[in-house]
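Reading through the structure tokens given below for one structure.
The values are calculated or read from the model by the stated rules, or taken from the named source; none is laboratory data. A quick note: this is a predicted structure, and the numbers were derived from the prediction, not measured. Cβ placement follows ideal geometry from the backbone for every residue including glycine, while neighbour counts extend to all protein chains displayed. Side chains included, ligands, DNA and RNA excluded: accessible areas come from the protein's heavy atoms. Shrake-Rupley method; radii C 1.70, N 1.55, O 1.52, S 1.80 Å.
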Amino acid sequence: MKTSGKTRIRLSPEEREKEILKYTAEIVAQEGVFAVSIEKIGKALNISKSTVYSYFPSTTELLQKLFLQEMRSLRAKQNAAIEKAKTIEQLVRGITHAYLNYIDEKGLLISRLQAEPSLISFGGPTDYARQSAINHLAKTISEACDIPMAIAIPATDISFGLPEAAGHCLNRKVTDKQTIEDLTVAMILASIKATKDNSEFNFKSLPEQPVNNKKPTE
């Protein structure tokens with residue numbers, strides 16, 4: 001952590017906000033949410049309390065901004081994986097890999113933020129912008145696998161929780177990260193294949209029946 005010094009560095013408003021958020025993340029990860037205070041942040045960054053308050057009127061707003069920043073960062077990494085993927089396997093692995101790396105690096109920070117009462121309503125990493133993320137991913141899978149969107153959306157919604165379950169396994173050290181990633185990818189790919197196969201079977205057209213123009217006899 002930073003310690004206070006005599007020299008105050010002049011930063012742009014954007015840079016100062018990032019500095020405050022970064023230091024707050026360090027406090028939460030190392031000591032917990034209870035240790036966050038405006039006075040502590042100001043002293044460590046060699047700025048006045050009023051300066052910190054000008055960016056964040058309360059610790060609640062500060063913690064909320066930090067949490068949303070982390071969620072946006074995760075989604076950005078997952079979206080980058082989606083855009084980079086050339087195959088379904090690369091798509092699924094990229095999203096899963098980004099999520100597990102994030103949990104490996106920031107898991108303690110996020111779990112402590114989630115435990116804060118003022119942040120409970122925000123949900124977890126899979127809840128942030130969930131519907132838009134599902135719609136985007138479902139559209140990609142629908143087009144690549146020729147699955148109707150009416151099927152792709154709920155199927156994607158159901159499988160959306162698998163990386164989160166994998167993250168819990170990672171936190172509990174059930175096995176190594178690569179094994180967890182491989183298993184999660186295999187399970188999601190299997191669900192996509194089964195969804196495609198079932199969709200093709202269930203919506204397969206029946207052969208046309210010959211038209212019988214004869215009137216039924218009484």
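Can you pull out the helices (runs of 4 or more DSSP H) entirely within segment 32-85 that have at least 2 residues that are under 19 Å from Gly167 (Cβ atoms) and touching a Leu at 6+ places or on another chain (Cβ under 7 Å)?
The qualifying helices (runs of 4 or more DSSP H) are 59-84.
Which condition number does Ala81 fail, the rest of (1) in contact (Cβ under 8 Å) with a residue 24 or more places away in the chain; (2) within 20 Å of Asp182 (Cα to Cα); (3) within 17 Å of the chain's Cα centre (by Cα) being met?
(1)
Would you mind stating whether Ala76 is aliphatic (A, V, I, L, M), within 21 Å of Phe122 (Cβ to Cβ) and open to solvent by 40 Å² or more (accessible area, probe 1.4 Å)?
yes
Taking segment 134-153, which residues are in contact (Cβ under 8 Å) with a residue 12 or more places away in the chain and farther than 17 Å from Asn79 by Cβ?
Once the filter is applied, which keeps residues that are in contact (Cβ under 8 Å) with a residue 12 or more places away in the chain and farther than 17 Å from Asn79 by Cβ, segment 134-153 yields Cys145, Asp146, Ile147, Pro148, Ile151, Ala152, Ile153.
Of all residues being small (Gly, Ala, Ser) and within 19 Å of Leu100 (Cβ to Cβ) in segment 130-173, which is most open to solvent (accessible area, probe 1.4 Å)? Just the residue, please.
By that ranking, first place goes to Ala165.
Within segment 24-52, which residues are touching a residue at least 40 places away in the same chain (Cβ under 8 Å) and under 28 Å from the mean Cα position of the chain (by Cα)?
Answer for segment 24-52, where residues must be touching a residue at least 40 places away in the same chain (Cβ under 8 Å) and under 28 Å from the mean Cα position of the chain (by Cα): Thr24, Ala25, Val28, Ala29, Gly32, Val33.
Looking at Thr156, Thr179, Thr195, Thr184, can you tell me which residue is assigned to a helix (DSSP H, G or I), closer than 20 Å to Lys77 by Cβ, out of contact with any Pro (no Cβ under 8 Å at 6 or more places or on another chain) and hydroxyl-bearing (Ser, Thr, Tyr)?
Thr156 is the lone residue from the list that is assigned to a helix (DSSP H, G or I), closer than 20 Å to Lys77 by Cβ, out of contact with any Pro (no Cβ under 8 Å at 6 or more places or on another chain) and hydroxyl-bearing (Ser, Thr, Tyr).
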